[in-house]
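Step one of this worksheet: look at the structure below.
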Amino acid sequence: MNSTEISLEDFVSFQRGFDLPKKDFIEGDYPVVGSTSILGYHNVYKVKGPGLVTGRSGTLGNFQYIVSDFWPHNTTLWVKNFKGNNSRFVYYYLLTINLAKFNSGGAVPTLNRNLIKNYRVAKISIEKQIKIAAILSAYDDYIENNLKRIKLLEDSAQMIYQEWFVKFRFPGYENKKFVNGIPEKWEKKTVDSILLTIKRRPKIHASEYLSTGDYPVIDQGDSVIAGYTNLEEAIYADPLPLIVFGDHTRRLKYINFPFACGADGTQLIYPADKRIGLGFLYHSLLEIDLSNYAYARHFKFLKQESILLPDNLQIVEYFEKITNPIYDKIYILHKLNSKLKQARDLLLPKLMTGEIEV
């Protein structure tokens, strides 16, 4: 046995999450953490933060670092005991290990404890752990700050949409006749009736994502840019921009740059009527609540919903003119975050192996 190594089992221990159906969520401050993202918020927590969570099915090894107290969903595994290690360091160290190879082989992937006993990890002093975590955290803090800026920009665009198309205080509303609280001649149309069918291009599987490349790959994950590809025939460049909808996550992404699509249940949305701006359609879709629909095939339900179209589409053009620069700024921030993640991920293994001293 190498004295500079310990078993993974002695490094951390894992436990399965706790069941909590969506219908039982009670609005509160504590995140309910699923296998890839926060599912919602509850008024009770099961685990004191900070904590680490990974999925049990398909996403074993993709960790989320949760700062606050939280409820790990039963679709996850969470770190029950950090065994004296720095929690943030553990997060980064586990990212360097392919935990999927410890799958027990059952229908639902779970950690095989016998394999864990045989796997060795570096024994690193707590002082060095703290230094390594501080270096890598600086990248993540920068990324998180950019995500907050993106959220503020998106919220500003959504506030304009709500002011104009929900509260009906659009430019010139004072001269508009209203019927039953709706501007005259404005029309409700189903989402399905205004969509253009787009010819599908090859999808890029997660195992094929590149860390750098000519074109970003968009999937259902939390990040807008999930990876990169150089596969020209997979690229959507015309028409652009597009909306990408996660059929399982209910997540909408407004894409205004050439991209490839991930192979994880994403759907592409583009209006058949070119007078309907993508920004307008995107914010209209954000107003639709899909939370009570069945988990799978959300796109089917989204297409059955309706949005309200103005009779004078010049107001839509004006909305696009105001909000397009906002999404140009958002894209710049997404690209910056992608580069920061690349730099962090290149640095990560070198710090862990001691190739770069701290």
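Can you pull out every residue in segment 204-226 that is crowded, with 20+ Cβ neighbours inside 10 Å, in contact with a Lys or Arg (Cβ under 8 Å, 6 or more places away or on another chain) and part of a loop (DSSP other than H, G, I, E, B)?
GLN220, VAL224, ILE225 - these are the residues of segment 204-226 that are crowded, with 20+ Cβ neighbours inside 10 Å, in contact with a Lys or Arg (Cβ under 8 Å, 6 or more places away or on another chain) and part of a loop (DSSP other than H, G, I, E, B).
If I filter segment 58-74 down to residues being more than 22 Å from THR96 (Cβ to Cβ) and surrounded by fewer than 16 Cβ atoms within 10 Å (Cβ to Cβ), which single residue comes out as modelled with the lowest pLDDT?
It comes out as ASN74.
Looking at ASP264, is it among the charged types (D, E, K, R), farther than 30 Å from ILE135 by Cα and either surrounded by 16 or more Cβ atoms within 10 Å (Cβ to Cβ) or without any contact (Cβ under 8 Å) to a residue 12 or more places away in the chain (or both)? Talk me through it step by step, then tell me what you get.
Values: among the charged types (D, E, K, R): yes; farther than 30 Å from ILE135 by Cα: yes; either surrounded by 16 or more Cβ atoms within 10 Å (Cβ to Cβ) or without any contact (Cβ under 8 Å) to a residue 12 or more places away in the chain (or both): yes.
Against the criterion (among the charged types (D, E, K, R), farther than 30 Å from ILE135 by Cα and either surrounded by 16 or more Cβ atoms within 10 Å (Cβ to Cβ) or without any contact (Cβ under 8 Å) to a residue 12 or more places away in the chain (or both)), ASP264 qualifies.
Consider only pairs whose beta carbons are under 6 Å apart and that are at least six residues apart or on different chains; among these, list those whose first residue lies in segment 30-49 and is not assigned by TED's automatic domain parsing to the domain that holds ASP264 and modelled with pLDDT under 90 and whose second residue is crowded, with 19+ Cβ neighbours inside 10 Å and not in a strand (DSSP E or B).
Once the first residue is not assigned by TED's automatic domain parsing to the domain that holds ASP264 and modelled with pLDDT under 90 and sits in segment 30-49, its partners that are crowded, with 19+ Cβ neighbours inside 10 Å and not in a strand (DSSP E or B) give GLY34/THR75; SER35/THR59; SER35/THR75; THR36/THR59.
Return the total of residues in segment 67-89 being assigned to a strand (DSSP E or B), in contact with a Lys or Arg (Cβ under 8 Å, 6 or more places away or on another chain) and free of Cβ contacts under 8 Å to residues at least 60 places away in the same chain.
3
The values are calculated or read from the model by the stated rules, or taken from the named source; none is laboratory data. These numbers come from a predicted model, not from an experiment. Glycine also receives a Cβ, built like all others from the backbone with ideal geometry; neighbour counts cover every protein chain displayed.
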